[in-house]
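See below for the structure under consideration.
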Amino acid sequence: MRFFISGREYGLCFRYKIATLLVLLCVLCRGQAASPIFFHDVTKETGIAFKHTDGSSGQRYIVENVSAGLALFDYDNDGDIDIYFLNGGALKGTKFKEPPKNALYRNDGNWRFTDVTKEGGVGDTGHGLAVAAGDYDNDGDLDIYISNFGLNVLYRNNGDGTFTDVTKEAGVDNGFQAGAGTCFLDMDKDGDLDLYVSNYVEFTYENHVQGRVRGFPNYVGPTTYSFPPDSLYCNNGDGTFTDVSGVSGISEHRGSGMGMVCGDYDNDGDTDIFVANDIAENFLFQNDGTGKFEQVGLMAGVACDLNGKEMGSMGVDCGDYDNDGLLDFYVTSFQEQSASLYKNLGDGFFEDVTLVTGAGAGTINNVTWGNGFVDFDNDGDRDIFVAVGHLQDNVESWDDRTTYHAPNVILMNTGDGKFVNVSQESGDGMKVKLSSRGAGFDDMDNDGDIDVVILNSRREPTILRNDSPSSGHWIQVCLRGTKTNRGGVGARVKVTSGKLVLIDEVHSGRGYQGHHGMRLHFGLGKNEKVDSIEVRWIGGGVDVFKDIGVDKFLTLTEGGSKVKGEG
Amino acid sequence: MRMSEESGQQKSRNTNSLGWSGKLAAKRTRWFFLSVIIIVGAISGFLWVKSFSSPKSDLIQKQEAAAFLREEETKLAEQLIKDFPNSEVPLVLMGGLQAKRGNSSEGMIFWEKALRLNPNLPNVYCKMAEIASGREEFEKAIELWKKALQINPKMRGVRNDIARAFIWLGKYNQAVAEAEEEIKISPRSAISYYLLGQGYLQLKEYDKAKFCYEKVIELEPNHPNAHYGLAGIYMRLKQPDKAREHMDVYKEWKDGRVKSVWNVDKAGYDVVGSQKSLGTLLMDADRLYRTMGKGEKAEELLKHTEKIFKKAISLAPAQPHVQGYMHRELALLYLRMKRKLPEAEKFAAKAVEFEATAANYYVLCRASEMNGDLANARTAIEKAVELEPENMMYRQTYELIKSRSR
């Protein structure tokens, strides 16, 4: 054994040690490297006291655990995004001192919100499941439609911070059903918004079934009940609607509808409809341009997963993840199934690219719900956010592979058609473990990046502030229709900035039974100028706006060529 | 004391001041309260008695029956561990029981203990791999399946599982290689060709994928997933008519699916599932006792299980689908153990009496056949084929019985 080493050997040793230390430091730094996407949980700072209830009757009614979505929209036209939370109702067998009700929170800026439910008159006490906001009467403000277990509700915005329940005169209560997703769309290009309501199952208190798994009580799935057809209401333009479910071709199909989204997937200038069905094939209703629909889900390749298996589909969003000018679909699903990404091939067909893109990562082991294609790091491509949480509140008792409360998932788009699960490295906001359902995405603090609001079943919501370190530029676009519907719902926007070409559409209702993103957001990366913005209005013409600066909120008015905006 | 005297005097003065009409009113009030007490008492008594005499609801009966069976299954598994402390078999069984009940972490502990006693247990590695795969830990799962293959390279189906995991991981070339290896040992495996097709589909090698799906259909003409896959390929190859053709077959299969009664009766499913599970464990236990030269113990166990099954049958509600299934399982228990064959036939006939399903007729056929009653066996299997003409096993059995009864 040698106890001494020479000077040369000592020098070599020292250098090795330094090199090893450097390598270790690199490894450590890499281990702690923050993701380009970072969310901070600011729920407690917001002053939001809302707590969701699912009715929790103890009977385990199927309409409890599916819970609800939420709406993010500017109800008072003051330029910031407000929040409308849906709440469960007092179901048979439940006891509440006061019946639970939905809640509207006004955004006061600086992440402070005020409960204005009472003043607004929007505290519906029905068992809320889905919501969409749209200007159905074209008076310049956004109205609210709520899909309940029970009669649905239409609140007309009076334009002064208050709403009036106009359900009865509008004729859209939809009968006593277990409602699910809902969307406003201009199906017939006549300049006003029609209304689609997806119906879940033919559930009543009388035909309720309580399940059991391995000796534990559980909520049964939708196949226990019959499936109803969905409902489609045509806007008569005078504040009333006509049920056109039959003549439109919609009611020929029965499904267990949940979340839904409307968009022009085939680029033919009209709005089509995607309905996520729970343990049944998804519907893709192709519009012939006049409000008549053909269900093409199976042939288009979006009805099932890669193996032809019907999924427990929950929520759906559409967006152009690969910047090829076509709307793709992302559908969330049940445990032991991956959420699915369907790539639009442009010829009416879709390819399930979940596996090849990695877009299903982190979604197999639990139940997934709200979702959105959003460019969180303003780098010019859309990432995917997925709300997670099991629907069986006691699942840990009989399946230790999963949990009722679970962290949400964020999949970062790497720009080459692939996604990476960066949830673990994306800040404390992604470590919150609750049973999430609806999720909304909007720029809540008007700082140019997109924040997240999540409705959690039986708990307080989660509000995530986007603190991503990205220095990417952005632009946000608000549309004003003059001949077509006022909110520009269904309009296609194409933003060209250097080599980057991005598209989006204005949707009213999307994701898991919720509503968000009417102010379109485009991440521009390093591009410092927008060459052009082309707007194709639904049922109208095409306007092109040129040479626009970045990092701005713009309002583009139909028929105009000048941009109204602010930095 | 003083106070009470004063109030008593006051009360007496008040009563005296009431007069005749007041007294009458007071008397009526007393009678009224007395009557109310009697009526309330009578109703409560009636309800109390009724609670003892009224039958339990179907749901409660099913819950009790399932809980009873589960408890017995646990007892049996624990007994095996006690009786065979140095054997890995009870540990493997207990691991399986835990995993089946959703306690996969507990299950893993038992399996790891079993592997310490005997590291050459490929099936245990496969079970552990399934758990890892269910937790989205595909790399770990592949490692475990490969360990199983190291012990027994000819194990069928394991490479399919590995291929599936590689597909989840997006490693399609590896998936293809594994499926091809599996086909070498199972050349008529439709699932292997299907997975091979899925691998090629992801690699965008559509012609190869098409060949694989066609091979699946050659092996299993009504394989719905292969038709679905082919429809997708023809759409990509811009042949919509061919695509529609295959999609129609897929749709026909989908629309033809019959909604099982167990979809609605989850509590009933819990009972019959627990019974089936206990039956399987019993078979394993019987084998173990006999292997270890404890035949007497095996006999005792059979008698005990018979009692358990019969008690569970009496606990379960009289719904035909539940009773039919439970009687059939008892018949199957006798048949599998090749004991009390006349009893088996009796229980199988009772199952058919409760519910005339193809499955019940099939078990009756087997029981009759094993009792040498070929005529009855033929009648039963004819009924089974009539009810489920697509079922290959029933058809083959029918042909066999027919040839033997000539």
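The values are calculated or read from the model by the stated rules, or taken from the named source; none is laboratory data. None of these values were measured; they are calculated from a predicted model. Don't worry about glycine lacking a Cβ; one is built from the backbone with ideal geometry, like all the others, and counts go over all protein chains shown. Ligands, DNA and RNA are excluded from the accessible area calculation, which covers all protein heavy atoms including side chains. Shrake-Rupley method; radii C 1.70, N 1.55, O 1.52, S 1.80 Å.
Applying a length cut-off of 15 Å (Cα extent along the axis) and a mean Kyte-Doolittle floor of 1.0 to the DSSP H helices of chain B leaves B:89-100. The distance linking the range A:370-416 with the range B:282-350 is 47 Å (Cα centroid to Cα centroid, whole angstrom). Name the residues of the range B:69-106, by number, that are at least 50 Å² less accessible with every protein chain in place than in the isolated chain; the surface is that of heavy atoms, probe 1.4 Å, without ligands or nucleic acids. Correct list: B:G102. Do you know which residues of the range A:198-241 lose at least 20 square angstrom of accessible area in the protein assembly compared with their chain on its own, with a 1.4 angstrom probe? At a threshold of 20 Å² (probe 1.4 Å), the residues of the range A:198-241 that become less exposed are A:V209, A:Q210, A:R212, A:R214, A:G215, A:T223, A:T224. Shape verdict for the range A:192-348, please, from the Cα gyration tensor: rounded (a/c under 1.5), prolate (a/b greater than b/c) or oblate. Since a/c reaches 1.5 but b/c is at least a/b, the shape of the range A:192-348 is classed as oblate. The accessible surface of the protein assembly as shown, taken with every protein chain in place and a 1.4 Å probe, is 54 percent carbon and sulfur. From most to least packed by mean Cβ count within 10 Å, the peptides A:231-241, A:292-302, A:402-412, A:140-150 give A:140-150, A:402-412, A:292-302, A:231-241.
When the charge dipole of the protein assembly as shown is built from unit charges on Cβ atoms (+1 for Lys and Arg, -1 for Asp and Glu) and taken about the Cα centre, the candidate among A:Q392, B:A231, A:L86 whose Cα reaches farthest toward its positive end is A:Q392. Residues within the reach of a label modelled at B:R336 (point 7 angstrom out along Cα to beta-carbon, backbone nitrogen below 14 Å), restricted to the range B:62-95, are B:73.
If you sort the three axes of the alpha carbon gyration tensor as a ≥ b ≥ c, you get a/c of 1.5 or more for the range A:246-337 and a/b no higher than b/c, which makes it oblate. Buried accessible surface for the B/A pair, both sides summed and rounded to the nearest 100, is 3400 Å² with a 1.4 Å probe. Using only the Cα atoms of the protein assembly as shown, build the gyration tensor, take square roots of its eigenvalues as a ≥ b ≥ c, and label the shape rounded, prolate or oblate: rounded if a/c is under 1.5, else prolate if a/b is larger than b/c, else oblate. Oblate, because a/c is 1.5 or more while a/b does not exceed b/c. With axes computed from alpha carbons, what is the tilt in degrees of helix A:7-32 against the longest principal axis of chain A, rounded to the nearest 10 within 0 to 90? Long axis of A:7-32 versus the principal axis of chain A: about 10 degrees. Average accessible surface for the range A:146-277: 31 Å² per residue, computed with a 1.4 Å probe over protein heavy atoms with every protein chain in place.
Dividing the helix sum by the residues of chain B, where each DSSP H run of 4 or more adds -39500 (n - 2.57), gives a mean residue ellipticity at 222 nm of -27500 deg cm²/dmol.
How long is the gain from A:R459 to A:V542 if the chain were fully straight, where each residue apart is worth 0.36 nm and the alpha carbon distance is subtracted? Before the final figure, lay out each step's value.
Values: separation 83, 0.36 × 83 = 29.88 nm, distance 4.51 nm.
Stretched out fully, the A:R459 to A:V542 stretch lengthens by 25.4 nm.
With n ≥ 4 as the cut-off for DSSP H runs, can you work out [θ] at 222 nm for chain A, using -39500 (n - 2.57) per run divided by the number of residues, rounded to the nearest 500? Could the numbers behind the result be given before it?
Values: 7 runs with 50 residues, N = 567.
Mean residue ellipticity at 222 nm (helix-derived): -2000 deg cm²/dmol.
What is the Cα centroid distance between the range B:88-119 and the range A:231-287, reported in whole angstrom? Computed from Cα coordinates, the inter-centre distance equals 50 Å. Accessible surface calculations at 1.4 Å, restricted to protein heavy atoms, place the range A:434-473 at 23 Å² per residue.
Would you mind checking A:K92/B:K276; A:K51/A:K309; A:K292/A:K483; B:K184/B:K242; B:K154/B:K210 for any pair whose Cα atoms are more than 32 angstrom apart? Kindly include the intermediate steps, with their values, before the conclusion.
Details: A:K92/B:K276 36 Å; A:K51/A:K309 36 Å; A:K292/A:K483 22 Å; B:K184/B:K242 30 Å; B:K154/B:K210 28 Å.
In this structure, A:K92/B:K276; A:K51/A:K309 lie more than 32 Å apart at Cα.
Per residue, the accessible area of chain B comes to 55 Å² when a 1.4 Å probe rolls over the protein heavy atoms. When the charge dipole of the protein assembly as shown is built from unit charges on Cβ atoms (+1 for Lys and Arg, -1 for Asp and Glu) and taken about the Cα centre, the candidate among B:V36, B:Q150, B:A349 whose Cα reaches farthest toward its positive end is B:A349.
Placing R0 at 35 angstrom, the Cβ-Cβ distance between A:S226 and B:E245 gives a FRET efficiency of 0.70 after rounding to 0.05.
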